[in-house]
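Asks: Here it is: the structure, laid out below.
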Amino acid sequence: MQPYYLSHDSELENLNVHTIPIKFGDVVVIATDGITNNVPIDWIQRSALIYDNEIKNRAKALSELASKLSLSINPGPFATKALTYYGIEYRGGRSDESTAVVLALLSRTINN
């Protein structure tokens, strides 16, 4: 399945909206294509979960990793999808802005 990219002339009725239940302890990563085009999904999952306890560091680490991989000569997710879906050979990463938001749903104990 290919993601739907929005632009200034996109028709919003073409968007698919899904509801995904989340619970305490879950980590949610929202990332731009600058990250998903360069960082494999399993790397994103591991990076978000094991970097450290500071959420801001998790997002920063993902962005820095995407920037580094965008300069690689090895094929990343973008190059793999270009070949798989469109028959286009693309070498290396894809330079683009890379922004991530990482949210952790933490339980909170209320002391009386």
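Asks: Which of the residues spanning the stretch 39-90 are loosely packed, with under 15 Cβ neighbours inside 10 Å and hydroxyl-bearing (Ser, Thr, Tyr)?
Replies: 72, 80, 84, 85, 86
Asks: Then there's this: In the stretch 27-50, what residues are of a type outside the set (A, V, I, L, M, F, W, C) and at pLDDT 85 or above?
Replies: Of everything in the stretch 27-50, those that are of a type outside the set (A, V, I, L, M, F, W, C) and at pLDDT 85 or above turn out to be 32, 33, 34, 36, 37, 38, 40, 42, 45.
The values are calculated or read from the model by the stated rules, or taken from the named source; none is laboratory data. These numbers were taken from a predicted model, which means no experiment stands behind them. Every residue, glycine as well, gets a Cβ built from its backbone with ideal geometry; the counts of neighbours run over all protein chains shown.
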